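A.B. asks: Dropping the structure in here first, questions after.
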Amino acid sequence: MLVLSLTTSIVLFLLVGGYSLLRGGSHPPAAGSPAPDFTLSSQDNQQVKLSGLRGQWVVLYFYPKDFTSGCTVEAHNFQRDLAEYEKRNAVILGVSVQDQATHKEFCNKEGLHFKLLADTEQAVSKSYDSLINLGIAKLSSRHTFLIDPQGMVHKVWLSVDVRKHSQEVLAALDEVERTASSAP
């Protein structure tokens with residue numbers, strides 16, 4: 001009886017919007033607002049400071065966990081399109097709550113050549129409202145923030161299809177270019 005009651009409570013919680021609390025995203029930095037600055041260590045033990053990347057577009061993507069199927073597909077697609085991002089003066093930064101060693105192993109195994117950042121204290125994931133709280137574990141949500149060269153959030157994705165996401169981000173960068181070139 002207790003199991004049924006607990007199951008019913010969880011289902012009701014999710015039905016009334018509890019899922020959004022678990023996955024974060026109810027108050028992320030909005031388009032047009034300054035991107036919260038941070039410094040995190042990458043898989044190769046280098047410190048990456050967001051404000052140090054001014055002058056470039058930044059694709060800041062949060063993801064739950066290295067070596068999982070969805071996260072691997074998403075990372076492979078960003079890697080596949082890396083030259084296209086470079087043509088658009090954009091850098092890709094992946095963020096999860098896992099440590100540098102796990103990120104390094106993931107990059108080596110999967111042939112990734114962009115920075116994966118270790119948010120082991122979960123502070124950056126929290127500041128971007130991109131943290132899943134499972135009670136016993138916390139993971140980064142699958143969210144992406146496109147940050148312009150001046151450090152402002154340009155676009156936010158809170159719902160991501162890992163198979164198409166890299167192409168969506170490239171399309172958003174292309175739209176910025178089209179808009180800028182047609183402006184008087």
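A.B. asks: With the stretch 38-126 as the region, which strands (runs of 3 or more DSSP E) entirely inside it contain at least 1 residues that are within 15 Å of Ser141 (Cα to Cα)? Step through it out loud before you land on a result.
C.D. replies: On the way: elements: 39-42, 47-49, 57-62, 90-96, 115-118.
Result: 57-62, 90-96, 115-118.
A.B. asks: Hey, among the residues in the stretch 131-156 that are in a strand (DSSP E or B) and under 9 Å from the mean Cα position of the chain (by Cα), which one's farthest from Gly70 (Cα to Cα)?
C.D. replies: At the first step, the residues of the stretch 131-156 found to be in a strand (DSSP E or B) are 131-133, 138-140, 144-147, 152-156.
Retained after the next criterion (residues that are under 9 Å from the mean Cα position of the chain (by Cα)): 140, 144-145.
On the way: Ser140: 13, Thr144: 14, Phe145: 18 Å.
Among them, the one singled out is Phe145.
A.B. asks: Scan the stretch 157-180 and tell me whether some residue there is at pLDDT 95 or above, within 23 Å of Ala35 (Cβ to Cβ), small (Gly, Ala, Ser) and part of a strand (DSSP E or B).
C.D. replies: Scanning the stretch 157-180, I find no residue that is at pLDDT 95 or above, within 23 Å of Ala35 (Cβ to Cβ), small (Gly, Ala, Ser) and part of a strand (DSSP E or B), so the answer is no.
A.B. asks: Another one. Do you know which of the residues in the stretch 91-106 that are buried (at least 20 other Cβ atoms within 10 Å of the Cβ) and in contact with a strand residue (DSSP E or B) (Cβ under 6 Å, 6 or more places away or on another chain) is farthest from Ser41 (Cα to Cα)? Before you say what the answer is, go through the steps one by one.
C.D. replies: Of all residues in the stretch 91-106, those buried (at least 20 other Cβ atoms within 10 Å of the Cβ) come to 92-98, 103, 106.
Retained after the next criterion (residues that are in contact with a strand residue (DSSP E or B) (Cβ under 6 Å, 6 or more places away or on another chain)): 92-97, 103.
Details: Ile92: 14, Leu93: 11, Gly94: 11, Val95: 10, Ser96: 11, Val97: 11, His103: 10 Å.
Only one residue fits best here, namely Ile92.
The values are calculated or read from the model by the stated rules, or taken from the named source; none is laboratory data. Every value quoted in this text rests on a predicted model; they were computed, and no experiment measured them. Using ideal geometry, Cβ is built from the backbone for each residue, glycine included, and neighbour counts are taken over all protein chains shown.
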